[in-house]
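One structure is given below, represented as C-alpha cells, and several questions about it will come after.
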Amino acid sequence: MKTLIAIIFAHFIRKKNQKWINNPIKHQEKTFTKLISRSKNTQFGKDHNFNQINSYENFKHQVPVRDYEGLKHYVDRVVDGEQNILWPGKPLYFAKTSGTTSGAKFIPITKESIKTHVRSARDALLNYFLKSKNYKSINGKHMFLQGSPELIKKNGVFLGRLSGISAHYVPKLFLKNRLPSWKTNCIEDWEEKVDRIIEETVGEKMTIIAGIPSWVQMYFEKIVHVQKKNISNVFPELSLYVYGGGSYEPYKIMFERLFGKKIDTLATFPASEGFFGYQDEFTDNTPELLLLLNNDIFYEFIKTEDFLNGKNKRLSLENVELDVNYLLIISTSAGLWAYNIGDTVKFTCLSPYRLIVTGRIKHFLSAFGEHVISEEVEQAVSKTLKNSDVVIKEFTVAPLINPKEGLPHHEWYIDFVIPPKDIKDFSFKLDNEMRKLNIYYDDLVSGGIINKLNIKRVQSGGFENYMRSLGKLGGQNKVPRLSNDRKIVDQLTLY
C-alpha cells in the first residue's frame, strides 16, 4: 500500500512541477514580484524602498549584494526577538551554522521557507522512484546521518542545525522506516553517535542511506572494520545513497570499494539558506542538478572571475550562459535579500535549467594569480585516479609561497588508502591534469614562475583529527578542498 501511494503521488508531483520547469523565466518573475510585495512593510523593505521597486533593474539599484556579515545587523535584530525585520512576523527557526569572520551564523527559516526544504527533499526522492523504478527501497529502513534534532529556544524561536530541524519533518508515511532512533540522533558526540547508529542499523533491512560523503564514509568504514564484510554483505538490500553538501566524485572510488557493488546515488543541493536543486536524471555522467524554481527563491548570478576581480555585475536567470562559473546570489521567503551564499555553480543545460556545484568562493587558491577552484582540483584527482589502483580518502591543497629552496608551488596534502607505487609519476600526472584544467596555472608553471605541484602524505586519519580539534567532526562540516593560506595544512600530521 505504501508503495502504491508513493507512486500515485510521485506522478501527481511530476505533472505539477512541469508547470515551472516548462516556464522558468515566468515563474522567476512571479517569485520576484511575490517576495517584494510580501516584504515591502518590513524594516528591510522600508530601508530599501520596496514600495518603489517595480523591476529587476530597480531592485539591483536599491538592494546591494551582501554576505552574512553585510546582513548581520538585521539578523541580530531578528535574533533579539524583533518582528517584521527581514520578513513579516518572526521566523520559526534559526539554522545555526559556522561563520568565517562573525562566529556562529543564525540563518532564519520561516513558515514559508521550511515548506520548500521539506517539499524539495520529498520531490527529489519521488522523482528518483519514478525514474529508477526502484520502488522496493520505499519499504525498507532509511537512515540519514544528521545533526541532533534537539532544539533550544531563543527569544521564542527554535534554534538548531538544519539537518536537526529537518528531522522534525519526516513524512508520517515513512516515520516507521526511519533510523536511527530519536534518542541516538540526539547524541552530540559524533564518534559515540556513529557507534550507536551502527548498533541500531546493522542487522536491519537498510535500503536508503543519506548524508555528507565524508561522514557516511566514516560510518561505512567502521562497519566494515567491525563486521569484516563489505557494505553490500552487511546491507544486501541497500540500493540508494543520497548525498548533498559536497561533491561525491572524490569519494566515488572509495565508496565503490566499501559498497562492494554498484548502487544508485542521488545528488542534492540543500543549504540552510534554501534547497536549490536535485538530480532529476540518472546516467553514468557527472550528476546535474535541476535548479528549483518553485521554492520562493529569486536567483541572481555573478561571474566568479568578475567577483574575484572586484566586479559585481549581477545577472538574472534568463541571461546566464553554459559552462561559466557563477557566484550564486539569492533572495528568499526567509528574508535573505541579494544574499551571497558563497557557492559557485556552472550551468550544463538551459532547458530545463540544470547546473553543477563547482565549489565555494572562499575556497580558492590564487596566491600567484591562478584562480584555482574546487571543481578543478576535484576533476584533476578524478582523472588521475582513473584506471589506477590508487585510492584517496581525503585531500586539500595550499600554496607554499616561500620554500626553503626552489620556486614556490602548490602543495597537495593527501590521505591515501592505497598510495601510488610511484609517487613522482602520480604527481606528474596530477600536475598535467591541473594544467589542462586551469590555463593560468599552466602559464605560471610553463613560465617558470612556480614549480609543479608537490604531494605531502597525510597520516591516516589526519583529516578527522584536524576536524576533531576544531570541534567540527561530523554533521554538515566538511574539509575545504583548497585554501589561499596554510591554516589547515599546518595542522595536519604527515608521514
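The values are calculated or read from the model by the stated rules, or taken from the named source; none is laboratory data. Just so it is clear, the model here is predicted, and its values are computed rather than measured. Every residue, glycine as well, gets a Cβ built from its backbone with ideal geometry; the counts of neighbours run over all protein chains shown. Quick note on the areas: whole protein, heavy atoms, side chains included, nothing else; ligands and nucleic acids left out. Shrake-Rupley method; radii C 1.70, N 1.55, O 1.52, S 1.80 Å.
Give the cross-link partners of Lys452 among the aspartates and glutamates, using a straight C-alpha distance below 16 Å as the criterion and excluding same-chain residues fewer than 8 apart.
Glu370, Glu376, Glu405, Glu411, Asp425, Asp431, Glu433, Asp442, Asp443
Identify the GluC sites (Glu not before Pro) of segment 139-193 meeting these criteria: DSSP loop state and at most 11 other C-beta atoms within 10 Å of the C-beta.
Sparse-neighbourhood loop GluC sites (Glu not before Pro): Glu188.
Next up: For labels at Thr33 and Asn285 in the simple 7 Å Cα→Cβ model, what's the distance in nm?
3.5 nm
Out of the GluC sites (Glu not before Pro) in segment 387-441, which ones are loop residues according to DSSP with at most 13 other C-beta atoms within 10 Å?
Hits after loop and neighbour filter: Glu405.
Scanning the chain for helices, which whole DSSP H stretches are 20 Å or more long along the axis (Cα) and average 1.0 or more by Kyte-Doolittle?
Span-like helices in the chain: none at all.
On a full-extension model of 0.36 nm per residue, what is the gain between Glu405 and Glu191, subtracting their alpha-carbon distance, rounded to one decimal in nm?
72.9 nm
Another one. Assign unit charges at the C-beta atoms only (+1 for Lys and Arg, -1 for Asp and Glu), then state the dipole size of segment 301-360 relative to its Cα centre in Debye, rounded to the nearest 20.
100 debye
Can you compute the charge dipole magnitude of segment 408-495 about its Cα centre, using +1 on each Lys and Arg Cβ and -1 on each Asp and Glu Cβ, nothing else charged? Give it in debye, rounded to the nearest 20.
Magnitude of the dipole: close to 200 debye.
Of Leu238, Ile187, Tyr251, which is farthest on the positive side of the dipole of segment 179-259, counting Cα position, with +1 on Lys and Arg Cβ, -1 on Asp and Glu Cβ, and the Cα centre as origin?
Leu238
Taking the C-alpha atoms of segment 259-385, how large are the radius of gyration and the largest Cα-Cα span, Dmax, in Å?
Rg and Dmax of segment 259-385, Cα atoms, are 15.3, 48 Å.
How about segment 1-67: which chymotrypsin sites (Phe, Trp or Tyr not before Pro) there are in a DSSP loop, with at most 10 other Cβ atoms within 10 Å of their Cβ?
none
Please report the carbon-and-sulfur percent of the accessible area for segment 1-85; probe 1.4 Å, protein heavy atoms only, DNA, RNA and ligands left out.
Looking at segment 1-85 in its full context, I get 49 percent from C and S.
Give me the net charge of Cys349's neighbourhood, meaning all other residues with Cβ under 15 Å from the Cβ of Cys349; Lys, Arg count +1, Asp, Glu -1.
Every neighbour counted, the sum reads -4.
I need the shape label for segment 167-251. Rule: rounded when a/c is under 1.5, else prolate if a/b > b/c, else oblate, with a, b, c from the alpha carbon gyration tensor.
Rounded.
Quick one: length gained pulling Leu175 to Arg14 fully straight, 0.36 nm per residue minus the C-alpha distance?
55.6 nm
For Lys228 and Asn387, FRET efficiency with R0 = 30 Å and r from the beta-carbon atoms, rounded to 0.05?
0.55
Which lysines does Lys26 reach when only Cα atoms under 24 Å apart count, and residues fewer than 8 places away in its own chain are ignored?
Lys15, Lys16, Lys34, Lys40, Lys60, Lys115, Lys303, Lys313, Lys346
Which of the lysines could be linked to Lys222 by a straight reach, that is with a Cα gap under 16 Å, when you skip same-chain ones fewer than 8 residues away?
Correct list for Lys222: Lys193, Lys393.
At 0.36 nm per residue, minus the direct Cα-Cα distance, what do Val417 and Asn23 gain on full extension? Give it in nm, one decimal, please.
137.1 nm
What list of ³J(HN,Hα) values in whole Hz, one per residue of segment 154-169 in order, does the Karplus curve 6.51 cos²θ - 1.76 cosθ + 1.60 (θ = phi - 60°) give from phi, with Gly and Pro shown as x?
10, 6, x, 10, 6, 10, x, 6, 4, 5, x, 4, 4, 4, 7, 10
Separate question: Using the Cα centre of segment 1-125 as the reference point, and only Cβ charges (+1 on K/R, -1 on D/E), how large is the resulting charge dipole? Debye, rounded to the nearest 20.
720 debye
Need one number: % antiparallel among DSSP beta bridges in the chain, to the nearest 5.
70 percent
So, one more: Could you let me know the centre-to-centre spacing of segment 424-495 and segment 150-205, using Cα atoms, in angstrom?
33 Å
Once a ≥ b ≥ c are taken as the square roots of the eigenvalues of the Cα gyration tensor of the chain, is the result rounded (a/c under 1.5), prolate (a/b larger than b/c) or oblate (a/b not larger than b/c)?
oblate
What FRET efficiency comes out for Gln52 versus Lys262 if R0 is 60 angstrom and r is the Cβ-Cβ distance? Round to the nearest 0.05.
Once rounded, the FRET efficiency stands at 0.60.
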